[in-house]
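Data first, discussion second: the structure below is written as structure tokens.
Any read-out appearing in this document is the output of simple, stated calculations on the displayed coordinates, not a laboratory observation. A quick note: this is a predicted structure, and the numbers were derived from the prediction, not measured. Here the Cβ positions follow ideal geometry from the backbone for every residue, glycine too, while neighbour counts run over all protein chains shown.
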Amino acid sequence: ILDVGGKGVIIGAEVVVKSLKSQGVDLMFGVVGIPITPIAIACRRNGVKYIGMRNEQAASYAAGAAGYMLGKPAACLVVSGPGLIHGLAGIGNAWVNNWPMILISGCEEFNQDQMGAFQAGPQEKTVNPFVKFSGRPASVERIPYFIEKACRVSVYGRPGPTFVSIAANLISGQIQESKLVYPPQYAPPPRSLADPVFVEKAVSAILSAKRPLIIVGKGAAYARAEHESLQIVEETQIPFLPTPMGKGVIPDDHPLSIAPARSLALKADVILLLGARLNWQMHYGSGVRFDPHVKFIQIDICPEELGNNVQPYVALFGDLSSVISQLLTSLRREKYRLNQPQWTDSLKARVQVNVIKQNAKLAVDKNPMSYERVFKDVRDVLPRDCILVSEGANTMDIGRTILPNFEARSRLDAGTWGTMGVGMGFAIAAAIVHPNKKIVAVEGDSAFGFSSAELEAACRHNLNICVIIINNNGVYRGETNVPPDIYDAPPTSLTANAHYELIADAFGGKGFFVNTYQELLPTLKEAMSLTVPTVVNVMILPNSEGREADHSKL
Ligand code: ADP
């Protein structure tokens, strides 16, 4: 398709891929079809890895997660119309989580505009609420400029998704390569410092704090601020609380992590927010969970975020690593080190009490198993450097408190939207980005079902993924016996005792079915030792006590 007679003539599809490559984008997820297939074909010969997925939803989730892990956009390739609509799922998810990615779709030929062409639709209009940039180049020569802008804009300032739609006649359009100009690769995002006056105001709040707390969010993970985050925690000795995906920026087993004492920790009088928003996950920064006089020190790269829901005591607008370094310079000058034994001791005491309570739940050897009993063994087989994917309402909420993270960007979960169905796309992205790591996806049975066909893509690429399904026969909870008339069953119930593990066998992976706690640990060990995709389908008590209504917990 691409060989159009030599003599330096290439087609638009190849220009798209060369443009991406020249901007440092070397990873693309997608689903091929008319007219975009030549773009996927052009990937291999231009050094861009193309991962063919089974649904654009999972492909777009994968591109967003890859962007988060890599700190640069990955591409998602979709056909127009229905492909674009499916891909919108990942665009929305990347938008709300502030992850870079570039969505590339085909669209109708220019001269078929408004004629009811094949899969034509209002593409930019559909995508625009969720993207930082969208555009449709008018000629093959303009493609490199659009791609450069889409890549640059996705990582400058607050990261986010961008969109370029390419008309079918440009994808197949021929051009003398010598006529093309590829803009240089975008320079790394500029890093800005915070206003020094505000830095001093923040430092004075920290100096006078009796109960200071640091909250580490996934913005710190994206910003690659793990070194500075650890430095400020260790030098100041201020205890820290990670948000769900902030877990691992500082290892969960750090002595200053007081995650198990979250409720008490939120009673802090000064809270330093490192890359976390005061949204629903943080109870909007006010109300009974907080001290009414709490002073927030908010650091963010997005000025529009500063002051959302609560007016911070001080707002530090700038790049996280740089601003933490500014704070550290002043704190060092003041020789600051937290000396409030009462605060730290009470937090540590609460941690101990809560850990003892939790351990008691983990230790209940009973069949059918509880969530906690399953997570005890999962925790014990997780490699320290694995990437943990987690989704499903109870599976994710309960799992978060038991399954540890030790490295930045090592946890991928339902995120700011609580999006279910992201797991398989995320796991595939993680396995491609980290080919030497074990990827462990801990999935509720309902969450897994959104994208279970993506196991085919995982097997086809021979990815080192272990999917552990926590199967309670339903959404939130299921039934042991489904009533004879299916319409009498609660809407939360799914097929009882479904053998999801057989899907792995169908594609060349390996499936395991676990019914009892006695089988669990040896089975998990065997599954984890394999490098082909594995699925361990673990049955638990169908109406196992979960937290159906309580997603407001970190
Ligand atoms: P969490 O879900 O962990 O609470 P959020 O996604 O709500 O985290 O918040 C992350 C915040 O981090 C966003 O407001 C985003 O603008 C911010 N952020 C992202 N990159 C940087 C950076 N380099 N410097 C400072 N803030 C950043």
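If both residues of a DSSP beta bridge must be in the chain, then about 5% of such bridges are antiparallel. Reducing segment 411-455 and segment 355-393 to their Cα centroids gives an inter-centroid distance of 18 Å. Each peptide in 213-224, 187-198 receives the mean, over its residues, of other Cβ atoms within 10 Å, and ordering these scores from highest gives 213-224, 187-198. The orientation-averaged shadow of the Cα convex hull for the chain, equal to a quarter of the hull surface, comes to 27.2 nm². Here LYS21 is the anchor, and the aspartates and glutamates within straight C-alpha reach of less than 20 Å, apart from those fewer than 8 places off in the same chain, are ASP3, GLU141, GLU148, GLU177.
Inverting the pair-averaged 1/r between distinct Cα atoms of segment 101-252 gives 19.4 Å as its Kirkwood hydrodynamic radius. Only one residue of CYS43, VAL203, PHE512 has its Cα farthest out toward the positive end of the dipole of the chain, where Lys and Arg carry +1 and Asp and Glu -1 on Cβ, and that residue is VAL203. In terms of other Cβ atoms within 10 Å, LYS201, LYS335 run from fewest to most in the order LYS335, LYS201. In plain terms, the C-alpha convex hull of segment 13-157 casts an average shadow of 7.6 nm² when viewed from every direction. Using Cβ point charges alone (K and R +1, D and E -1), the dipole size of segment 360-490 about the Cα centre works out to roughly 560 debye.
Packing around the peptides 241-252, 282-293, 472-483, taken as the average count of other Cβ atoms within 10 Å per residue, puts them in this order, highest first: 241-252, 472-483, 282-293. Taking the fewest neighbouring Cβ atoms within 10 Å as the starting point, the ordered list for ASP380, ASP413, ASP505 is ASP380, ASP505, ASP413.
Comparing SER321, LEU347, TYR336 along the charge dipole axis of segment 292-368, the residue lying farthest to the positive side is LEU347, per the Cβ-charge model. Legend: residue pairs LYS49/LYS125; LYS49/LYS525; LYS132/LYS267; LYS18/LYS72, Cα-Cα distance threshold 25 Å; pairs beyond threshold, LYS49/LYS125; LYS49/LYS525; LYS132/LYS267. Rounded to the nearest 20, the size of the Cβ-charge dipole of the chain about its Cα centre is 1400 debye, with Lys and Arg at +1 and Asp and Glu at -1. Going from the fewest other Cβ atoms within 10 Å to the most, the residues CYS459, CYS302, CYS107, CYS43 appear in the order CYS302, CYS459, CYS43, CYS107. Mean residue ellipticity at 222 nm, helices only, the chain: -11000 deg cm²/dmol; runs of at least 4 DSSP H residues each add -39,500 (n - 2.57), and the sum is divided by the number of residues.
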